[in-house]
Amino acid sequence: MAKFFGNLHLVLVVGLVLTIAVMMHSAGSAPVDANSVLRWLHVFFGVLWIGLLYYLNFVQVPTMPKIPAELKKGVTGYIAPNVFFFFRYGALLTVLTGLGVAGHGHGDQPGYLKEALLFTGGGNYNLIGLGMWLALIMAFNVWFIIWPAQKKILGIVEATDAEKASAAPRALAASRTNLLLSLPMLYCMVSANLG
């Protein structure tokens, strides 16, 4: 049992197989459609992205000043680079699958991407559109503000001490902006029940 749970990839494969079995069973006679799979992937990647956003803001950033100097390299050299890999690709894949869900439609209903992004669909379409725009801003922050700054801070790219010092407040402001925007974004995504 310990060998199984010690192998992350094996656990993920078994989880994926279990998910497919649940999808097939719950579908009954109707086939599992692409929209159902996209929705599941969207939620999975969204949980990964926002979970790591909350980890960074609630755990890692506030704890770093309390870590003895000789132990900080363990976080900055090993943990943080992995966190930021899954963080940024979680953001990318959340956005791509979300756009796929909105563009694909469901059953006999057409996609609603244009109506949501342009706020022309009314009601829940406008709510999901607002959530989409907030997520797009957040993903922009991840890829174009937080990650470039973190590469300097973590020593992944060459940077002077002054460049690292100026990158830290930018990364923190963008990360806290994402934390702030995640709250209404999650409300929009959960409340806009578009079938």
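The values are calculated or read from the model by the stated rules, or taken from the named source; none is laboratory data. What you see is a predicted model, and the numbers here were worked out from it, not measured in a lab. Positions of Cβ are backbone-derived with ideal geometry, glycine not excepted, and every protein chain shown enters the neighbour counts.
Taking the stated definitions as given, is ALA91 in contact (Cβ under 8 Å) with a residue 24 or more places away in the chain, more than 11 Å from the chain's Cα centre (by Cα) and surrounded by 15 or more Cβ atoms within 10 Å (Cβ to Cβ)?
Taking the combined requirement at face value, the residue does not satisfy it.
Which of the numbered conditions does ILE156 fail, given that it passes all the others? Conditions: (1) at pLDDT 95 or above; (2) in a helix (DSSP H, G or I); (3) β-branched (Val, Ile, Thr).
Just one mismatch for ILE156, condition (2).
Of (1) out of contact with any helix residue (DSSP H, G or I) (no Cβ under 6 Å at 6 or more places or on another chain); (2) without any contact (Cβ under 8 Å) to a residue 60 or more places away in the chain; (3) under 26 Å from LEU18 (Cα atoms), PRO62 satisfies all except one. Which?
In the conditions (1) out of contact with any helix residue (DSSP H, G or I) (no Cβ under 6 Å at 6 or more places or on another chain); (2) without any contact (Cβ under 8 Å) to a residue 60 or more places away in the chain; (3) under 26 Å from LEU18 (Cα atoms), PRO62 misses (3) alone.
Return the total of residues in the range 96-114 being more than 19 Å from SER36 (Cβ to Cβ) and under 17 Å from the mean Cα position of the chain (by Cα).
Qualifying residue count, the range 96-114: 0.
Taking the range 68-114 as the search range and keeping residues that are of a type in the set (Ser, Thr, Tyr) and part of a helix (DSSP H, G or I), which one is farthest from LEU154 (Cα to Cα)?
Out of the qualifying residues, it is THR97.
Out of PHE85, PHE58, PHE45, which single residue is of a type outside the set (Lys, Arg) and closer than 16 Å to ILE145 by Cα?
Just a single option satisfies the conditions, and that option is PHE85.
Could you pull out the residue among LEU134, LEU117, LEU127 that is surrounded by 14 or more Cβ atoms within 10 Å (Cβ to Cβ), part of a helix (DSSP H, G or I) and under 17 Å from the mean Cα position of the chain (by Cα)?
Result: LEU134 is the single residue among LEU134, LEU117, LEU127 that is surrounded by 14 or more Cβ atoms within 10 Å (Cβ to Cβ), part of a helix (DSSP H, G or I) and under 17 Å from the mean Cα position of the chain (by Cα).
Hey, does the range 63-75 have a residue that's more than 28 Å from VAL190 (Cα to Cα), surrounded by 11 or more Cβ atoms within 10 Å (Cβ to Cβ) and of a type in the set (Gly, Ala, Ser)?
Yes, that holds for at least one residue.
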